[in-house]
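Working notes for the structure below.
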Amino acid sequence: MTIEIELSKVADYLCDYTFNFYWHNKSLEPDSLIPTQNGTKITYRDLVNELRSCGEIHIKGNPGKNFAYNMGADLKHFGGSGEAEETGRIFVQGNVGPETGIGMVAGILYIKGGINYPLGNIVELESDVKGYRKFRSITDLLCNGIGEDKLIDNSYNEEQKILILKDNIPRGTVAARCPCAATVIIEGDAYNGTGMLSKNATVVVHGNAGMNTGSHLNGGTVIVHGDVGEFAGAYMKDGKLLFKSARGFIGAGMEGGAIYSKSKARTNPPAAKSRMTGEDSALIRELTDAGRIESMLYNKYEPDKDKQKYVEVHMRDGSIAMRKID
């Protein structure tokens with residue numbers, strides 16, 4: 001099937017699989033009509049359901065923020081598996097807003113107009129549709145192969161499953177939810193959420209990374225040769241996160257895994273400094289070019305055994321803080 005919609009003004013949250021999450025204490029209704037559409041009565045849910053049935057969506061106009069968010073993810077928040085699922089294609093005759101494809105794990109985007117940076121978890125390919133640029137999920141490419149597609153300004157070794165991003169385009173949530181053993185090398189800086197929910201991938205950032213680096217990491221490895229932003233390692237369940245230094249607190253709500261920082265870091269509970277072992281130093285040497293002495297100078301952080309002494313406090317801005325129970 002195909003859904004066609006024409007917009008007279010910019011519309012946000014189109015094809016957003018997370019649409020009825022709570023945003024800053026505001027509940028969004030997925031069955032509400034998309035505003036500014038001409039001659040149709042299409043809801044936000046209609047678009048997502050069409051994609052989940054592997055259909056096509058044609059948009060004439062400009063999607064704004066949260067476009068194609070978490071596209072292709074069978075979200076646990078709605079009772080799903082948390083894994084990728086088959087999904088359809090989106091064609092846009094217009095411009096798309098920044099962060100397009102954040103958390104996207106399946107499907108294809110065809111875009112005729114401009115694209116505002118940063119991008120989400122997508123990479124551009126040579127297009128097979130005249131007049132449109134073609135974008136595909138990085139996670140999908142890593143796990144299902146590149147097939148007949150050809151990358152633009154980047155490279156992929158299919159045999160080794162190594163994707164090298166060298167186009168200097170800022171991207172968020174790179175390798176989101178990735179369940180397969182693969183590597184992404186970013187030759188420059190990364191935007192927010194690098195490695196989010198990744199189960200098996202390794203992401204190497206040769207510059208700095210933004211907020212929520214390694215957030216919800218679930219077995220993957222994220223290596224940042226520079227600094228990371230606020231909330232690095234938040235809600236980690238498993239895996240390894242390594243960086244030079246953090247520009248904010250790390251480890252909020254952390255349940256498992258390990259965080260390594262070359263500089264001492266400030267922690268949010270239940271994350272706490274733990275003892276470095278010989279195995280930890282060997283791991284750092286394996287993951288970086290650090291020598292034996294340098295690897296021993298890293299700081300290690302893990303969940304505190306007394307984490308039950310902390311409670312989640314939901315803040316007015318929608319964030320969550322961990323406070324110690326006296």
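All of the numbers you see were taken from the coordinates with simple rules; none came from a lab. Keep in mind the model is a prediction, meaning the values are calculated, not measured. Cβ sites come from the backbone with ideal geometry, for glycine too, and all protein chains shown count toward neighbours.
Remarks
- By the beta-carbon count within 10 Å of each Cβ, the least crowded to most crowded order of Cys143, Cys178, Cys54, fewest first, is Cys54, Cys143, Cys178.
- At most 15 other Cβ within 10 Å, DSSP loop - GluC sites (Glu not before Pro), the range 89-197: Glu126, Glu148, Glu158, Glu159, Glu187
- Restraint check, Lys199/Lys262; Lys76/Lys130; Lys199/Lys300; Lys60/Lys237; Lys112/Lys244, Cα-Cα greater than 30 Å: Lys76/Lys130; Lys60/Lys237; Lys112/Lys244
- With contributions of -39500 (n - 2.57) from each DSSP H run of at least four residues, the per-residue ellipticity at 222 nm computed over the chain stands at -2500 deg cm²/dmol.
- By the rule of a C-alpha distance below 14 Å, with chain neighbours fewer than 8 residues away ignored, the aspartates and glutamates paired with Lys240 are Glu255, Glu279, Asp280, Glu286, Glu302.
- Each residue in Ser198, Ser245 was given a count of other beta-carbon atoms within 10 angstrom of its own, and listing them fewest first yields Ser245, Ser198.
- Listed by Cβ neighbour count within 10 Å, with the fewest neighbours leading, Ile169, Ile186, Ile108 appear as Ile169, Ile108, Ile186.
- Within the range 1-155, percent of DSSP bridges classed antiparallel, to nearest 5: 45 percent
- Distance cut-off 39 Å, percentage of C-alpha pairs in the chain lying past it: 15 percent
- Spread over its residues, the convex hull of the C-alpha atoms of the range 1-155 is 114 Å³ per residue.
- Within the chain, antiparallel bridges make up roughly 40 percent of the DSSP beta bridges whose residues both belong there.
- Over the range 81-155, the hull volume per residue, using the convex hull of the C-alpha atoms, is 97 Å³.
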